[in-house]
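One structure is given below, encoded as structure tokens.
The values are calculated or read from the model by the stated rules, or taken from the named source; none is laboratory data. It should be emphasised that the depicted structure is a prediction, and the values quoted were computed from it without experimental measurement. Please note: Cβ atoms are built from the backbone with ideal geometry, for glycine as well, and neighbour counts cover all protein chains shown.
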Amino acid sequence: MGCPPTLEPVDDKDGDTDADTDVSAPDSGPDDTGLPPLVRCAVTEVEPNATTTDATALPREVRACGQFTDRFDVDTWAFEVVQEGWLGVEVDAYAIGSEADITVTLSSPGLGLTVVASSWGQLPDARLMLPAQPGPYFVSIRQEGSRQMGGEDYFYEVLASASKPPVETDIREAEPNPLGSPQVLGAARSVFGDVDASADEDWFALEVPVGLPTLRLAVVAEALGSQADMALVVRTVGGTELGRTSTAEAGSSIDPSISLPSVDAGTVLIGVIAEGRPTDVGAPYWYALSVSLEGTP
């Protein structure tokens, strides 16, 4: 595959970044603060809170704590989005030394939103990042797997916060852009796109100069909190496929990337294709594509 190009996360106020695109490996393990699980937070869950009607209030920008009483326990939190913008929801368990394997459901019934994020592999804790409309939101957290239990070793922290856009790109995709009518990239080297239909296919045309450069492509989605499962395809105008990979085949990365050495001059077509369920459309399902040509004269 080679090393993919990177998309720079947006800097926050203190010079750090909202997200890290270097996701080639998980962190080294849980962070043991030495504090009891429910002492780290200013806000703790109030049982019972299994449904949206008895949800515990979750103040925005405040880290809150919960603990599972047993493996069937479901904890629901409620918060309000008052202004349109990017919303981040993080639920940490593994990273803070918990034994819980978590699944998180973010919903806003009035807006028709329901999205599920689970801990898995290189993303041992759940994270969602999406453009959000004003309205009430609910975060339901449960454990995944029959071996999960309850008690002081099965805890988590949850945070809902306003966020800057997770990446900066040169352009946005312009629909419609099917294979037969791809969007021309021109001088643009990064594109922001979203999944707005089942099995959505976004195609882009790139002019490769003479000199047999190396073409590097990378999709960033799940690494920054999108829930989109994407495939990346490169082909010639004549229909010859030059490369294909997907989230499931990404190997040491979370999102797909392709590196093609010695690409002939001319037009190549780049496809970013949704591979999720038919219902995986809308705000939680977005991606950023980066393109680089290396070794050109």
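Can you pull out the residues in the range 138-158 that are part of a loop (DSSP other than H, G, I, E, B) and of a type in the set (G, A, S)? Once the filter is applied, which keeps residues that are part of a loop (DSSP other than H, G, I, E, B) and of a type in the set (G, A, S), the range 138-158 yields G145, S146, G150, G151.
Within the range 139-155, is even one residue in contact with a Gly (Cβ under 8 Å, 6 or more places away or on another chain) and either over 21 Å from Q227 (Cβ atoms) or at pLDDT 95 or above (or both)?
The answer is yes; a qualifying residue exists.
Counting only residues that are assigned to a loop (DSSP other than H, G, I, E, B) and modelled with pLDDT of 95 or more, how many does the range 113-137 have?
2
Within the range 124-142, the set of residues being out of contact with any Asp or Glu (no Cβ under 6 Å at 6 or more places or on another chain) and either closer than 26 Å to G97 by Cα or among the hydrophobic types (A, V, I, L, M, F, W, C) (or both) comprises P124, A126, L128, M129, L130, A132, F138, V139, S140, R142. Is it the case that L159 is more than 26 Å from T247 (Cα to Cα), surrounded by fewer than 20 Cβ atoms within 10 Å (Cβ to Cβ) and touching a strand residue (DSSP E or B) at 6+ places or on another chain (Cβ under 7 Å)? Yes; evaluated as a whole, the condition is true for this residue. Among the residues examined, A223 qualifies as assigned to a helix (DSSP H, G or I), small (G, A, S) and in contact (Cβ under 8 Å) with a residue 24 or more places away in the chain. All of S107, S181 fail the test of being at pLDDT 95 or above, assigned to a loop (DSSP other than H, G, I, E, B) and of a type in the set (S, T, N, Q), apart from S181. Residues in the range 268-282 include none that are over 22 Å from E175 (Cβ atoms), at pLDDT 95 or above and either in contact with a strand residue (DSSP E or B) (Cβ under 9 Å, 6 or more places away or on another chain) or in the same structural domain as G88 (by TED's automatic domain parsing) (or both). Scanning the range 204-228 for residues that are closer than 15 Å to E275 by Cα and out of contact with any helix residue (DSSP H, G or I) (no Cβ under 9 Å at 6 or more places or on another chain) yields V220, S226, Q227.
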